[in-house]
Structures are given as C-alpha cells and as structure tokens.
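Structure first, commentary second.
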Amino acid sequence: MDNWDEIKTAYQVARMGTVSGAAEVLAVHHATVIRHIDSLEKRLGEKLFQRHARGYTATEAGRDLLTVAQSTEDQFAQLANRIRGHGETVTGELVVTSIAEISPQLTAAMVSFQADYPGLTLRFLTGQRLFRLDYGEAHVALRAGTAPSEPDYVVQPFMVLHHALYASPAYAAAHGLPKTDADLAAHRFVVSDNMDNRAPFYHWLRGMVPPEALSFRATEPAPIYDAIRAGAGLGFVSRIAALAMPELIEVMPPRPEWAANLWLVTHVDLHRTLKVQRFLAHLKGAAIEWQKL
C-alpha cells in the first residue's frame, strides 16, 4: 500500500465504473489505468474489480478500498483548503524582525494591529543577527543601511532615521558641551562595540576623534542609551528613539551624513499574502508620524 498513484487509480475506477472514465479524470492513458489496477491486485493478492462488458464493478475488497480512498481524498482536500486559507486570513503567527532602535514605536504599531486581529500571534525578533526571510525565520524585516540585495526579497524604502548627538545633564555639568566639530576631540563618546559597524554617524565620528575618545562601548542599543543617560559620554541617538529620553540634551542637530535609511523587506513567496499585506499597510500608516521626527 505504498504506491498512492495505484490506489488513486483504483479509487477513480471504482467511482467512475470504467477504465476510460478513470483515465479521463486522471489525465492518463487507459493502459496506465489497467497496469495500475493489475499491479495493485497482484500486490494485495485480492481482486478489487469484476470485469464485464459494461466496465468494472468493485468487489467487496474494492468497496473497502473505495471507502478508505474517499475518506483520504476528503482529508487531502480539507488540508489543501486550510493551506490556501493561511494566505487569505490574518491568523496564525506573524514574525517581525527589526533593529531595536524603533522598538517602542514598532511594538505599539504591532499591538494596535493585533487588536484588530485578535487571532494573530505576534513574534518580535531583535538582535545583532540578521534573520533570514528565505529560511522562513520572519515574515517582515526592517533593515537599516544599504538596501538588501537578495534576489527573492521584496525591498521597499520605509523611512529615514535622523540621528543627532546627545548628552546627559550630568555629562554637560561635568565636561561641558562641544560648540563646533573641532571641540569633539576633547570629549568622550559612547559607541557600538562592533568597530565594523557601518552606521553613517559612527563612520563620521571615527574620522573626527582619536580612538581613545571612544571610551564606552556596548553591543546593544539599550546599554548604549543607558550609558549616555548615565553620563559616560556623548552619543548618537535617532530623534525617534530620543522621544523616550526627554532628559537628554541635543548637542548637535541631525545632519544628512548621519541619517540612516530604513527598508521594509519581505520574501517574494509571502509578500502577497493577506496577513503580510495588511500588516505592511498598517505599519506604513503608523510611520507617517514617525517620519516627521
């Protein structure tokens, strides 16, 4: 019973009553139908059909096979409908990965989206690792920097993160604040511990100050922000992230060379599903206000 093609053929012969009828339904030659039936009867050691001038009539064993095959076909049809339905409903899991910098805003947008679709389970993935959409690790990704170039990715410009240089009141009281670019070398800075970080403001900063000025380093945005707020040094923060830190002093306003492009990325196989399209529309609507910062 390990050859489903033969079983499917026998089911259609029992249902249609003739070899020619089964061949038409299966889109195969009638000789293939006869070969399948003969092979299956030989393997089972039992006659499944009585042959006569009008066609094939199922024996008791054939009727048993018809019953089981009918149930199996119904189950496969139900499975196919459920699989197709996954792309037509906003249910199940929605996995979103993003840079942590816009986590408060993105989380709020995800929560409001889930309120509209309570049957949805949301997973929000952040971190240094790039989650692979082509491996099914996420449905939607928000990426900063240069546009992703993977051939199966659908990439859309999303927004621009405008970064400014900030200091805490404690740092300003202890060290003063720079007035011009020339003053920066005399100050201390909080930066990413990844010296290969391609953020445009870090690239700019490394060309402006000596290495020893980069005196406090951390791997994640949260401890970087904590260090800036604690007075460890000056640091770059996007205007959108700075909303959560109103006590910080904006030392230098955003410059074009410090800006970071943010991209909305989906995989071509999932891009047109209702779940992903509804979320993208919701996210773009929320980002209209974010882009004003």
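Bridging of residue 8 to aspartates and glutamates at a Cα separation below 12 Å is possible for 73, once same-chain residues fewer than 8 apart are set aside.
Percent antiparallel among DSSP beta bridges with both residues in the chain, to the nearest 5?
Here the antiparallel bridges make up roughly 65 percent for the chain.
Using the Karplus relation 6.51 cos²θ - 1.76 cosθ + 1.60 with θ = phi - 60°, the per-residue 3J(HN,Hα) values for segment 97-102 come to 10, 7, 5, 6, 4, 10 Hz, with x marking Gly and Pro.
The fraction of accessible area contributed by carbon and sulfur in the chain is 54 percent, rounded to a whole number (1.4 Å probe; ligands and nucleic acids excluded). Please report the spacing between the Cα centers of segment 11-56 and segment 122-153 in Å, no decimals. Here the answer is 51 Å between Cα centres.
Report note on the peptides 268-276, 210-218: ranked by the mean count of other C-beta atoms within 10 Å, highest first, their order is 268-276, 210-218.
Which entry in [x] 78, 53, 35; [y] 63, 49, 33; [z] 104, 36, 27 is this structure's computed Cα extents along the principal axes in Å? Answer label, from the structure shown: [z]. Computed over protein heavy atoms with a 1.4 Å probe, the accessible surface of the chain works out to 54 Å² per residue. Of all lysines in the structure, the ones whose alpha carbon falls short of 29 Å from that of residue 292, not counting any fewer than 8 places away in one chain, are 179, 275, 284. Charge tally for residue 264 (other residues, Cβ to Cβ under 10 Å; Lys, Arg +1; Asp, Glu -1): +2. Across segment 5-51, the relative contact order, built from alpha-carbon pairs under 8 Å that are at least six residues apart, equals 37 percent.
Reported to the nearest whole Å, the Cα centre-to-centre distance from segment 274-288 to segment 221-272 is 22. Where both bridge residues fall in segment 160-272, DSSP classifies roughly 70% of the beta bridges as antiparallel. Between amide H atoms placed 1.01 Å from N, distances below 5 Å from residue 267 occur with 154, all of them 5 or more places distant or on a separate chain.
Helix 4-16 and the longest principal axis of the Cα set of the chain meet at an angle near 50°.
As a length-normalised measure over Cα pairs under 8 Å and 6 or more apart, the relative contact order of the chain settles at 21 percent.
The values are calculated or read from the model by the stated rules, or taken from the named source; none is laboratory data. Source: prediction; values computed, not measured. Ideal geometry is used to build each Cβ from the backbone, glycine not excepted, and the neighbour counts take in all protein chains shown. Please note that ligands, DNA and RNA were not included when accessible areas were found on the heavy atoms of the full protein model with its side chains. Shrake-Rupley method; radii C 1.70, N 1.55, O 1.52, S 1.80 Å.
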